[in-house]
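Asker: Below are the structure tokens for one structure; questions will follow.
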Amino acid sequence: MGAPKVGIVSLGCPKALVDSERILTRLRAEGYEISPSYDGADVVLVNTCGFLDSAKKESLDAIGEAIKENGRVIVTGCMGVESDMIRQIHPDVLAVTGPHQYEQVVSAVHEAVPPTHNPFTDLVPPEGLRLTPRHYAYLKISEGCNNRCSFCIIPSLRGDLVSRPIHSVLREAEKLAVAGVKELLVISQDTSAYGVDVKYKTEKWYDREVRTRFFDLCNELANFDLWVRLHYVYPYPHVDEVIPLMAEGKILPYLDIPFQHASPTVLKAMRRPAAQEKQLDRIRKWRQDCPHLVLRSTFITGFPGETEEDFQFMLDWLKEAQLDRVGCFKYEPVEGATANDLPGAVPEEVKQERWERFMETQKAISAERLQQKVGWTLGVLIDEVDEDGAIGRSYADAPEIDGNVFLNGETGLKPGDMVDVTIEHADEYDLWGSVERDL
Ligand code: SF4
């Protein structure tokens with residue numbers, strides 16, 4: 001009899017993807033095979049996302065599809081906390097487990113399809129199994145969050161911040177580097193709060209003492225000779241400490257800071273962490289110290305109580321801040337979030353109209369900033385190659401969420417290659433260029 005096969009549908013954010021990878025690593029170690037299709041799978045895992053109501057709907061639809069196509073389904077992830085609701089809609093699911101309940105998911109799989117032989121852990125590469133392409137990997141440094149933003153239910157789903165021990169994070173990064181990963185994407189709910197829960201505990205790493213702290217983490221990751229990209233960074237004062245590492249080229253000069261809004265009134269109603277009044281001054285100073293710094297952010301329009309003045313304040317702030325990459329969401333109430341009780345709901349058509357104005361404003365900023373890169377030479381990491389050429393990213397672009405650099409005709413490259421590129425053309429989101437070659 002062949003090895004039992006598990007299919008997986010992974011929904012939601014990169015953090016959920018890391019959870020899926022951990023579960024698969026464990027199952028592979030036990031001799032399970034991963035099935036790329038519903039047909040071939042003995043059981044299907046659906047890793048759900050419960051952040052927004054639209055994500056919940058997507059998760060429920062995915063569970064329904066897996067039941068229809070395969071019939072044997074185990075649900076895990078953020079939506080797993082709403083087990084009753086899932087079972088009501090899909091009574092045939094075999095088991096429901098919550099986020100990070102790796103043990104429970106694995107036992108549910110054992111129950112559904114027992115492993116056929118003893119585990120040979122060396123079947124699994126030392127860096128674990130990843131769902132991302134070989135050349136980049138997400139590095140999750142903590143779980144949970146100590147903040148209580150009024151639109152968010154993540155702390156009630158995942159609990160308070162729990163930082164992973166720094167030696168374990170660095171060991172994982174080291175294994176990934178040895179395995180040939182070229183880019184590490186550091187993720188968590190609140191990356192710059194790393195270590196607060198363990199009072200920045202000091203640990204031994206090779207011959208030195210390192211603190212469980214944002215700066216120490218970045219400083220150590222810089223030694224692995226790969227791209228280190230920081231996501232979900234709240235602009236606490238100590239974030240300033242990592243700007244010199246970026247200026248020296250030790251980690252990528254890229255910061256993903258979810259500002260969400262700029263108006264002090266709305267930010268207060270959102271109960272956002274990190275005081276935001278002085279952010280424009282700080283951005284100016286960061287750019288002075290690290291001129292090529294790229295800033296990415298996300299914003300919400302139509303939060304309850306947002307007035308036209310608040311919105312206009314945000315647009316003016318945006319023009320002033322000149323962020324490079326920006327995503328914008330229309331506010332959506334999430335079941336269980338305290339923001340649902342706030343007065344001043346913004347009508348859908350106003351949300352839509354503000355969202356359009358916001359995107360229009362940012363599009364112009366983004367186009368102008370990309371235009372400035374024409375003529376520059378940038379290191380580009382290749383993500384994919386097809387019959388038209390190669391598609392890659394520079395330090396300014398995170399996978400999946402930012403733009404691309406297109407290299408037309410470069411069909412001889414392969415994913416994971418790193419090349420120097422002269423930028424020749426830009427539009428609102430992407431760049432085009434040619435590979436520099438020694439003559
Ligand atoms: S920082 Fe706010 S939005 Fe982000 S996970 Fe924590 S509570 Fe949610």
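The values are calculated or read from the model by the stated rules, or taken from the named source; none is laboratory data. Fair warning: this is a prediction, and the values are worked out from it, not measured in the lab. We place every Cβ from the backbone using ideal geometry, glycine too, and count neighbours over all the protein chains shown. Accessible surface is based on the protein model in full, side chains and every heavy atom, while ligands, DNA and RNA are left aside. Shrake-Rupley method; radii C 1.70, N 1.55, O 1.52, S 1.80 Å.
Asker: Would you work out which of V294, I391, C145 lies farthest towards the positive end of the dipole of the chain, given +1 charges on the beta-carbon of Lys and Arg and -1 on that of Asp and Glu, about the Cα centre?
Answerer: The one lying farthest along the dipole's positive direction is C145.
Asker: Which residues in region 298-313 place their backbone N less than 19 Å from a point set 7 Å from the Cα of D53 along the Cα-to-Cβ direction?
Answerer: Correct set: 300-306.
Asker: Also: Could you check how many percent of all C-alpha pairs in the chain are farther apart than 34 Å? Mind dumping the intermediate values first?
Answerer: On the way: 35859 of 96141 pairs.
Summing the P(r) tail past 34 Å for the chain gives 37 percent.
Asker: E309 to D281: extension gain in nm, 0.36 nm per residue of separation minus the Cα-Cα distance?
Answerer: On the way: separation 28, 0.36 × 28 = 10.08 nm, distance 2.16 nm.
Taking E309 through D281 to full extension adds about 7.9 nm, to one decimal.
Asker: Could you tell me which chymotrypsin sites (Phe, Trp or Tyr not before Pro) in region 373-439 are loop residues by DSSP with no more than 15 other beta carbons within 10 angstrom of their beta carbon?
Answerer: Values: sites: W376, Y395, F406, Y429, W432; in loops: W376, Y395, Y429.
Here the sparse-neighbourhood loop sites are W376, Y429.
Asker: Counting only other residues whose beta carbon sits under 13 Å from that of P244, what net charge do I get with K and R as +1, D and E as -1? Don't skip to the answer; put the middle values down first.
Answerer: Details: positive: K250, K285; negative: D240, E241, E248, D289.
Local charge sum for P244: -2.
Asker: In debye, nearest 20, what is the charge dipole magnitude of region 376-435 about its Cα centre with +1 on Lys and Arg Cβ and -1 on Asp and Glu Cβ, if you could check?
Answerer: Numbers: 2 positive and 15 negative charges, 54 e Å.
The calculated dipole for region 376-435 is roughly 260 debye.
Asker: Oh, and also: Students often get this wrong: which residues of region 28-54 have the backbone nitrogen under 12 Å from the point 7 angstrom along Cα-to-C-beta of E65?
Answerer: Flagged as within label range: 38.
Asker: Hey, another quick one. When only DSSP loop residues count, what trypsin sites (Lys or Arg not before Pro) in region 185-240 have their Cβ near at most 16 other Cβ atoms within 10 Å? It would help to have the intermediate numbers written out before the result.
Answerer: Details: sites: K199, K201, K204, R208, R211, R213, R229; in loops: K199, K201, R213.
Sparse-neighbourhood loop trypsin sites (Lys or Arg not before Pro): K199, K201.
Asker: Which residue, chosen from F358, L342, I283, occupies the Cα position most advanced towards the positive end of the dipole of region 136-372, where the dipole is computed from +1 (Lys, Arg) and -1 (Asp, Glu) charges on Cβ about the Cα centre?
Answerer: Towards the positive end, the residue furthest out is I283.
Asker: How large is the Kirkwood hydrodynamic radius of region 136-372, counting all unique pairs of alpha carbons, in Å? Kindly include the intermediate steps, with their values, before the conclusion.
Answerer: Working: mean 1/r = 0.0528 Å⁻¹.
About 18.9 Å, per the Kirkwood formula over Cα pairs.
Asker: At 7 Å along Cα-to-Cβ for each site, give me the label-to-label distance between Q352 and V374 in nm.
Answerer: Going by the 7 Å Cα→Cβ label model, 3.5 nm.
Asker: Per 0.36 nm of contour for each residue apart, how much would the distance between S168 and K199 grow if the chain were fully extended, relative to their Cα-Cα spacing? Show your work: numbers first, answer last.
Answerer: Numbers: separation 31, 0.36 × 31 = 11.16 nm, distance 1.69 nm.
Gain on stretching S168 to K199: 9.5 nm.
Asker: With only Lys, Arg, Asp and Glu charged, each at its Cβ (+1 for the first two, -1 for the last two), find how big the charge dipole of the chain is about the Cα centre; round to the nearest 20 debye.
Answerer: Working: 48 positive and 71 negative charges, 272 e Å.
Its charge dipole is roughly 1300 debye.
Asker: Work out the length of the dipole vector of region 272-347 about its Cα centre, built from +1 on the beta-carbon of each Lys and Arg and -1 on the beta-carbon of each Asp and Glu, and round it to the nearest 20 debye.
Answerer: On the way: 10 positive and 13 negative charges, 111 e Å.
Computed charge dipole of region 272-347: roughly 540 debye.
Asker: Let me ask something else about it. Please check: in the Gaussian network model of the chain (C-alpha springs, under 10 Å), which one of I63, I86, I141 has the largest mean-square fluctuation.
Answerer: Evaluated over the chain, the most mobile residue of the options is I86.
Asker: Ignoring ligands, DNA and RNA, what accessible area per residue does region 166-287 give at 1.4 Å, in Å²? Provide the component values of the computation, followed by the final result.
Answerer: Numbers: 4940 Å² over 122 residues.
I get 40 Å² per residue for region 166-287.
Asker: Hey, what's region 296-373 come to in accessible area per residue, 1.4 Å probe, Å²? Intermediate results must be reported in sequence, preceding the final value.
Answerer: Details: 3650 Å² over 78 residues.
Accessible area per residue: 47 Å².
Asker: Right, next: Per DSSP helix of 4 or more residues, -39500 (n - 2.57); summed, then divided by the residues of the chain. What does that give at 222 nm, rounded to the nearest 500?
Answerer: Working: 12 runs with 138 residues, N = 439.
For the chain, the value works out to -9500 deg cm²/dmol.
Asker: Expressed as a whole percentage, what fraction of the accessible surface of region 295-402 belongs to carbon and sulfur atoms when a 1.4 Å probe is rolled over the protein heavy atoms? Spell out each step's value before the answer.
Answerer: Details: 2490 of 4800 Å².
Carbon and sulfur together cover 52 percent of it.
Asker: Would you mind getting me the FRET efficiency between A345 and D207? Use the beta-carbon distance for r and R0 = 51 Å, nearest 0.05.
Answerer: On the way: r = 58 Å, r/R0 = 1.14.
Efficiency computed from Cβ-Cβ geometry: 0.30.
Asker: Would you mind getting the Kirkwood hydrodynamic radius of region 376-435 from its Cα pairs, rounded to one decimal in Å? Provide the component values of the computation, followed by the final result.
Answerer: Working: mean 1/r = 0.0907 Å⁻¹.
Kirkwood radius, region 376-435: 11.0 Å.
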